[in-house]
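A.B. asks: Below is the structure I would like to discuss, written out as structure tokens.
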Amino acid sequence: MNIDSYSFYDNYSGHPVGALKAVVDGLRQSKDSLIYLVGDSSLDNKYWFGYQERAVNGYETLLQPAFSRCDVAHHVNRELATRDPSRACVNAAVEASSLNGRSMGFLQEHDCLVRDTIRPEDVLVVSVGGNDIALTPVLCTCFNVVPLLCFGACCGSLIDRCTCACPPDVYTPLCGYSDCGCCCCGLPGCLVGLCGFPPGLGYFVDLFGNRVRSYVSRIVAKTKPKLVVICMIYFLDVHGRGSWADATLSLLGYNCAPHLLQKAIRTVFEYGTKRISIPGTKVLPFALYDVIDGTDTNDFVQRVEPSVQGGSKMAAALVDAILNAEAVAAAAQEGGR
């Protein structure tokens, strides 16, 4: 099977779906299981650089010529080639995509491919939601981010004592059809986000908690994988300038007080991501900001996209987390016998 490497990696919005399906089919012939990456450019970072290496871990027999762009998936495959060659990684994430673009029960065609091909022995890695703030914010997102950051600036650590957020999930029970995305300017999230303090926190807990849960639930609706890793975004580059995201980061106060947004990310992870559960599978919350903390400009391209170095760090940490979670589950199962 020969898949043209150039067209496979030059596509901006994820890999071409037809070629991606051929990769999945080809890898199934030699691998016991797959690790799927879904979400946005925090995982689909191939567009932002031209560095490439020889393809590994099964891709060398599928791609022609046999090279891979040094994206997150390639680094995961490089880790797996030495640590667990019985499995491979497939990048089904889509550059510049968002949860708003997956509203009203809609899934991207890459998501549908994963939904239709994922198996019980596979692992799903999800990183999404950042573009709903940085790239395509709706009106209610803007309204809620201001009080959240302002309360953090004015009250500091004092606000930690009364922080809370428990917005009800109004999306997953309705298969995502109640997630109106851009159509209602984020109004459903604004309403359920009232169940939280400081003002604004509930909205973003709903975004990264309930809406992400709804998205993932639709992907695994047919088949539950053995593990779902749900990531919270890394801290963005605090030093660099000259990015397409400079204006947004400046408006968020990140250029002068990055700790405010970073604290908000931590809090949303605690009250949103870490509380996600999906019946029939194990969910592992994973904080990418523990891997990329924003202090090393070399971890980034354009301040917000993982570089070759940043992607390598993320891949190593993700493989560590997956293998550790599986080892713990195996030990618990053995102990229960």
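FYI, it's all coordinate maths here, none of it is from the lab. Worth saying up front: this structure is predicted, and the values here are computed from it rather than measured. Because the Cβ atoms are built from the backbone with ideal geometry, glycine has one as well, and the counts that use them run over all protein chains shown.
A.B. asks: Return the residues of the range 21-48 that are over 19 Å from the mean Cα position of the chain (by Cα) and either in a helix (DSSP H, G or I) or polar (S, T, N, Q) (or both); say none if nothing qualifies. I'd like the intermediate steps shown before the answer.
C.D. replies: Here is the first cut: in the range 21-48, the residues over 19 Å from the mean Cα position of the chain (by Cα) are 21-33.
Matches in the range 21-48: K21, A22, V23, V24, D25, G26, L27, R28, Q29, S30, S33.
A.B. asks: So, in the range 238-280, of the ones that are in a loop (DSSP other than H, G, I, E, B) and of a type in the set (S, T, N, Q), which residue ends up surrounded by the most Cβ atoms within 10 Å (Cβ to Cβ)?
C.D. replies: Looking at the filtered set, the residue picked out is S243.
A.B. asks: Which condition does V170 not pass, out of (1) surrounded by 17 or more Cβ atoms within 10 Å (Cβ to Cβ); (2) more than 16 Å from the chain's Cα centre (by Cα); (3) more than 21 Å from T273 (Cα to Cα); (4) of a type outside the set (G, A, S), if it passes all the others?
C.D. replies: (3)
Residue-wise test of (1) basic (K, R); (2) out of contact with any Asp or Glu (no Cβ under 9 Å at 6 or more places or on another chain); (3) without any contact (Cβ under 8 Å) to a residue 24 or more places away in the chain; (4) closer than 28 Å to D179 by Cα.
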{"residue": "Y6", "(1), (2), (3), (4)": "no, yes, yes, no"}
{"residue": "A19", "(1), (2), (3), (4)": "no, no, yes, no"}
{"residue": "R28", "(1), (2), (3), (4)": "yes, yes, yes, no"}
{"residue": "S41", "(1), (2), (3), (4)": "no, no, no, yes"}
{"residue": "L62", "(1), (2), (3), (4)": "no, yes, no, no"}
{"residue": "R69", "(1), (2), (3), (4)": "yes, no, no, no"}
{"residue": "P85", "(1), (2), (3), (4)": "no, yes, no, no"}
{"residue": "N91", "(1), (2), (3), (4)": "no, no, no, yes"}
{"residue": "E95", "(1), (2), (3), (4)": "no, no, no, yes"}
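A.B. asks: Which one of these is within 18 Å of K313 (Cα to Cα) and of a type in the set (K, R): R54, R78? Spell out the reasoning first.
C.D. replies: Details: R54 fails: within 18 Å of K313 (Cα to Cα).
None of the others qualify; the one that does is R78.
A.B. asks: Taking the range 217-232, which residues are under 14 Å from the mean Cα position of the chain (by Cα) and within 16 Å of T117 (Cβ to Cβ)?
C.D. replies: I219, V228
A.B. asks: Among residues belonging to the range 6-34 that are more than 16 Å from C89 (Cα to Cα) and of a type in the set (S, T, Y), point out the one that is surrounded by the most Cβ atoms within 10 Å (Cβ to Cβ).
C.D. replies: Among those residues, the one meeting the criterion is S13.
A.B. asks: Which of the numbered conditions does L261 fail, given that it passes all the others? Conditions: (1) closer than 16 Å to L149 by Cα; (2) of a type in the set (A, V, I, L, M, F, W, C); (3) in contact with a Cys (Cβ under 7 Å, 6 or more places away or on another chain).
C.D. replies: (3)
A.B. asks: If I go through the range 285-329 residue by residue, how many of them are buried (at least 17 other Cβ atoms within 10 Å of the Cβ), assigned to a loop (DSSP other than H, G, I, E, B) and in contact (Cβ under 8 Å) with a residue 60 or more places away in the chain?
C.D. replies: Within the range 285-329, residues that are buried (at least 17 other Cβ atoms within 10 Å of the Cβ), assigned to a loop (DSSP other than H, G, I, E, B) and in contact (Cβ under 8 Å) with a residue 60 or more places away in the chain number 4.
The rows are residues; the columns are (1) in contact with a Lys or Arg (Cβ under 7 Å, 6 or more places away or on another chain); (2) among the hydrophobic types (A, V, I, L, M, F, W, C).
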| position | (1), (2) |
| --- | --- |
| P279 | no, no |
| P285 | yes, no |
| T295 | no, no |
| N298 | no, no |
| V304 | no, yes |
| S307 | no, no |
| G310 | no, no |
| M314 | no, yes |
| A317 | no, yes |
